[in-house]
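Take a look at the structure below.
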Amino acid sequence: MGRALWVALQFLTRLPLPKMAVIEDHERGYSLLWYPFVGLLIGGLLVFFAWILMGVSSLPSAALLLAAWVAITGALHLDGLADSADAWMGGLGSRERSLAIMQDPHCGTGAVVVLVLVLLLKFAALENILAAGEFTLLWTAPVLGRLAVPLLFLTTPYVRPGGLGEALAKHLPRRTAWVVVVITAAVVAGQSEVGILVVVVAALTFFLLRAMMLRRIQGTTGDTAGAMVELVEMAVLVVVAIT
């Protein structure tokens, strides 16, 4: 399990850690169990940075915090969001066309627009949170965002053979993963009334996006899983900001 945690850290963050030269497929599958923990680590860093920025104007603080967030993750899930946005806008309802567009490394108009809107909403939410000095629940966004990935692979077919997520989906220990999902959601909900609300909003966002995936491509890919992370994070962050 220690190697699985290292795989999750190596994949989900750009923290300066020693790289594992060889990763077995079963280790990739087991690494999904650690995704919420890695989200907690990212969230803890965000709370720490927010604490350091106390006393600084909320606008530059929000920009710096968002930049740090992107740097920690290496824009990994933003890339998936961009590819998914292009596919949904350019796929014209076609499963095959949508899957083909997601493999194209170039960014179209849809990708640019969606990335700007998501980052703008995150920035506005962070500014509101920092201005109010209520940043202790920032950690819930990266935790619930990454919890959505094992839940997605538990409930949704993986539809790109040979894709990055194929080994994750195939080797995910399903029974243990369900325990992780339930415990993580319960811990977040147990924080406060706001905790309950963010879990509900994260769940609604998850099921809406999953329904869209099933309708368009009859399942999920690594790109749509990345998009799920970003959009669940955004929804949770907005709820924290306005409550």
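The values are calculated or read from the model by the stated rules, or taken from the named source; none is laboratory data. As the structure is a prediction and not an experimental result, all values here were calculated from the model. For neighbour counting, all protein chains shown are included, and Cβ atoms are generated from backbone atoms with ideal geometry for every residue, glycine included. The area values use the complete protein model at the heavy-atom level, side chains included, leaving out ligands, DNA and RNA. Shrake-Rupley method; radii C 1.70, N 1.55, O 1.52, S 1.80 Å.
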At a 1.4 Å probe radius, which order do HIS106, HIS77, HIS171, HIS26 fall into by accessible area, largest first? HIS106, HIS26, HIS171, HIS77
Rough spin-label spacing in nm, given labels placed 7 Å along Cα→Cβ, for GLN218 and VAL22: 3.7
How far, in nm, would the chain grow between GLU193 and THR176 when pulled straight, counting 0.36 nm per residue and subtracting the alpha carbon separation? 3.4 nm
Using only alpha carbon positions, build the gyration tensor of region 168-214, then give the equivalent ellipsoid semi-axes as the square roots of 5 times its eigenvalues, largest first, whole angstrom. 22, 17, 5
Could you please state how large a percent of the accessible area of the chain is carbon and sulfur, counting protein chains only and using a 1.4 Å probe? 69
Can you give the charge dipole size of region 44-153 about its Cα centre, rounded to the nearest 20 debye, using +1 on the beta carbon of Lys and Arg and -1 on the beta carbon of Asp and Glu? 120
Charged-residue dipole, Cβ positions (Lys, Arg, Asp, Glu), region 148-243 about Cα centre, Debye nearest 20: 420
Of ILE52, ILE42, which has the most accessible area with a 1.4 Å probe, and how do the rest follow in descending order? ILE52, ILE42
In region 136-243, if the dipole is taken from +1 on Lys/Arg beta carbons and -1 on Asp/Glu beta carbons about the Cα centre, which of VAL198, VAL159, VAL143 is farthest to the positive end? VAL159
If the convex hull is drawn through the Cα atoms of region 187-240, its volume per residue in Å³: 68
Using modelled amide H (1.01 Å from N, peptide plane; none on Pro or chain starts), what sits under 5 Å from the amide H of TYR158, excluding residues fewer than 5 places away? THR220
Would you mind listing how long region 127-220 runs along its three principal axes, going by Cα atoms, in whole Å with the largest first? 47, 28, 20
At 7 Å along the Cα-to-beta-carbon direction for both ALA100 and LEU154, put a label point, then send me their distance in nm to one decimal. 3.6
Rg(Cα)/(2.2 N^0.38 Å) for the chain, N = residue count: 0.97
Under the helix-only model (-39500 (n - 2.57) for each DSSP H run of 4 or more, divided by the residues of the chain), the mean residue ellipticity at 222 nm, to 500 deg cm²/dmol, is -24500 deg cm²/dmol
Segment VAL56-VAL70, extension gain: residue separation times 0.36 nm, minus the distance between their alpha carbons: 3.0 nm
Per GNM of the chain with C-alpha springs under 10 angstrom, the most fluctuating residue out of THR205, THR224, THR176 is THR176
Any helix of the chain counts here only if DSSP assigns it H throughout, its Cα atoms span 20 Å or more along the axis, and its mean Kyte-Doolittle hydropathy is at least 1.0, and such helices are 35-52, 58-73, 109-132, 140-155, 174-189, 193-217, 222-242
Once LEU121 and LEU204 are pulled to full extension, the length gained, defined as 0.36 nm per residue separation minus their Cα-Cα distance, is 28.1 nm
For a quick size check, give me the Cα extents of region 44-130 along its three principal axes, largest first, whole Å. 51, 19, 17
Any idea of the accessible area per residue across the chain, 1.4 Å probe, to the nearest Å²? 46
